1. Tell me which residues, restricted to the range 50-91, are farther than 16 Å from ASN38 by Cα, of a type in the set (D, E, K, R) and in a loop (DSSP other than H, G, I, E, B).
2. Among the residues of the range 78-89, which ones are open to solvent by 80 Å² or more (accessible area, probe 1.4 Å) and among the polar types (S, T, N, Q)?
3. Taking the range 64-77 as the search range and keeping residues that are open to solvent by 60 Å² or more (accessible area, probe 1.4 Å) and modelled with pLDDT under 95, which one is nearest to THR165 (Cα to Cα)?
4. If you go through the range 90-114, how many residues are more than 20 Å from ASN63 (Cα to Cα), open to solvent by 40 Å² or more (accessible area, probe 1.4 Å) and of a type in the set (Gly, Ala, Ser)?
5. So, in the range 165-207, of the ones that are open to solvent by less than 30 Å² (accessible area, probe 1.4 Å) and over 24 Å from the mean Cα position of the chain (by Cα), which residue ends up farthest from ARG119 (Cα to Cα)?
6. Which one is surrounded by the most Cβ atoms within 10 Å (Cβ to Cβ), of the residues in the range 50-63 that are touching a residue at least 40 places away in the same chain (Cβ under 8 Å) and among the polar types (S, T, N, Q)?
7. Looking at (1) at pLDDT 90 or above; (2) β-branched (Val, Ile, Thr); (3) farther than 20 Å from VAL55 by Cβ, which is the only condition THR122 fails?
Amino acid sequence: MIKRTQCAKYLAIFTVAMSLYGCILDDAVLGPVVSFTNPANATKIQTPDFLVNIVGTATSGSNIVSVDWVNDRGGRGTAIGTETWNTGNILLDFGTNNITVTATDSVGLSDSKSIAIERENTSLGAGTGTATLSWNPPTERVDNSHLTDLAGYEIHYGRSSGSYTNHIEISNPGLSAYVVDNLETGTWYFSISALDSNNQLSDFSSEGQLNVL
């Protein structure tokens, strides 16, 4: 009789321990999970479009409180919706845009998913217009200290004033002029920024405009 009672006691303890262990495992997987439904099952896509709207879902054991996105080529925002969401239109720069979507739940846990979207420049070679840009290399920073580590420039240009969908990186700080070619008919707007050795970018210069006939 004693042996049977002891065995029953040990069995009860072992069952409780297994049940607690199962609870720990369940809690560990209840954080957010982000999925893309459009585009689905892709880590990299190509498109000629200048805008993209990513659609997806986010699930968690707790309520999803926010879904945010960021584009490494510039731009960030909050998606529309939570468990089912869409980013709205994201502006794409030419080349590869790495877009990361992050869902956060009510207990502060988060999950991120990324996609590389390459915007193809289908207009290259189609236009005949050229723009010759020239500038004076900067010698001072905004705090009036001497600029000693100028590393290059970025040329920004696009179809709308103040909205530049294209950019060209120039790694030679000694240049003070550049020719942008293959421009299609219409109005183009240009600006330039200086870049130092720490990848700090200056404000945009005053804007230039060109009408390609």
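1. ASP72, ARG73
2. Of everything in the range 78-89, those that are open to solvent by 80 Å² or more (accessible area, probe 1.4 Å) and among the polar types (S, T, N, Q) turn out to be THR78, THR84, ASN89.
3. ARG73
4. So the answer is 1.
5. So, considering only residues that are open to solvent by less than 30 Å² (accessible area, probe 1.4 Å) and over 24 Å from the mean Cα position of the chain (by Cα), the one farthest from ARG119 (Cα to Cα) is GLY186.
6. SER60
7. (1)
The values are calculated or read from the model by the stated rules, or taken from the named source; none is laboratory data. These figures come from a predicted structure and were not determined experimentally. Positions of Cβ are backbone-derived with ideal geometry, glycine not excepted, and every protein chain shown enters the neighbour counts. Remember, those area values only see protein heavy atoms, side chains included, never the ligands or the DNA or RNA. Shrake-Rupley method; radii C 1.70, N 1.55, O 1.52, S 1.80 Å.
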